[in-house]
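Structure record follows, encoded as structure tokens.
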Amino acid sequence: MSLLHGVWAAAPQAAAPHASAPVQGVAPASPLPAAPAVPASGRTQDDGRIRIQLVARDQVDLSSEVSAKIASMPFRDGDAFRAGQTLVSLDCSLFAAQLRKAQAEADAAVQLKRVDDRLSQLHSIGQLDVEQAAAKAKASAAEVAYMQTTVHKCSIAAPFDGRVVKRSAAAQQFAEPGKPLLTIVDTGHLELKMIVPSKWLAWLKPGHALTVTVDEVGKTYPATVARIGARVDPVTQTVDVTAALSGKTSELLPGMSGWASFAGTGH
């Protein structure tokens, strides 16, 4: 108690805040949502199914190995092709002319070597002349082989059955070595990619059977585990798994997704 100007006033006391009393004008914080136990890409259902994605075993960016004008590119985005079909043809008339010249020079070098060999047998020329003729014949043959390889690169054939994903060039454009012309994908050999809990390694092995239901087509396909990742993610405790589809899957495309169910283990 203190006396101030003749008036008794009680000394102020700090009131202890009540734990449950909200502060005026500030809304109480809502509880944070629980973090998922498994990442979305590897999430499982209550029945043990796991999310998968279809990927192509091979996807290739085709490019030219020589500098030349594009003569033709008959396939467009989405077109299907067979292994061995010509996907890109280059105008290599200049290289073809150089090949014919090299062949003519090689023929002349071979003929000269034959004459020198005969003259050597008659002791009409020295051994040095014979060796020089032989060396010229070898050099001419090497030039022919080089030009044949160059001309062969003027046609780009499909390395597998598949479809065109993207065209990055067109006929009459100039192709530069290493610059992509076409992106193609092998649609005949699709694989399944999934992320599974690492504890599944106790029973999941290569060759294990599973079935896959693909969302986009609503059908179920048999498959088997082909490969298991080489390491476990220490944070999520998951591992990458690749499976191979069995049977005919011509209606499936890379990028489709679905659910996998494993047989024989209750998963």
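Just a few scattered comments:
- Scan of segment 225-257 for residues that are at negative phi and among the polar types (S, T, N, Q), ordered by number: T236, T238, T242, S246, T249, S250, S257
Every residue, every condition in (1) in contact with a strand residue (DSSP E or B) (Cβ under 6 Å, 6 or more places away or on another chain); (2) surrounded by fewer than 19 Cβ atoms within 10 Å (Cβ to Cβ); (3) part of a loop (DSSP other than H, G, I, E, B), yes or no:
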site	(1), (2), (3)
V212	yes, no, no
E216	no, yes, yes
T220	yes, yes, no
R227	yes, yes, no
A244	yes, yes, no
S250	no, yes, yes
P254	yes, yes, yes
G258	yes, no, no
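- Qualifying positions in segment 184-196 - surrounded by fewer than 18 Cβ atoms within 10 Å (Cβ to Cβ) and at pLDDT 95 or above: K193
- In segment 174-227, the residues that are touching a helix residue (DSSP H, G or I) at 6+ places or on another chain (Cβ under 8 Å) and under 30 Å from E65 (Cβ atoms): none
- Scanning segment 229-238 for residues that are under 22 Å from the mean Cα position of the chain (by Cα) and either in a strand (DSSP E or B) or loosely packed, with under 14 Cβ neighbours inside 10 Å (or both) gives A230, R231.
- Being in contact with a strand residue (DSSP E or B) (Cβ under 9 Å, 6 or more places away or on another chain) and either assigned by TED's automatic domain parsing to the domain that holds F81 or not hydroxyl-bearing (S, T, Y) (or both) is true of A157.
- Test set (1) out of contact with any Lys or Arg (no Cβ under 6 Å at 6 or more places or on another chain); (2) closer than 21 Å to T183 by Cα - K113 fails condition number: (2)
The values are calculated or read from the model by the stated rules, or taken from the named source; none is laboratory data. Note that this is a predicted model, so its numbers are computed, not measured. Glycine gets a Cβ as well: all are built from the backbone with ideal geometry, and neighbour counts include every protein chain shown.
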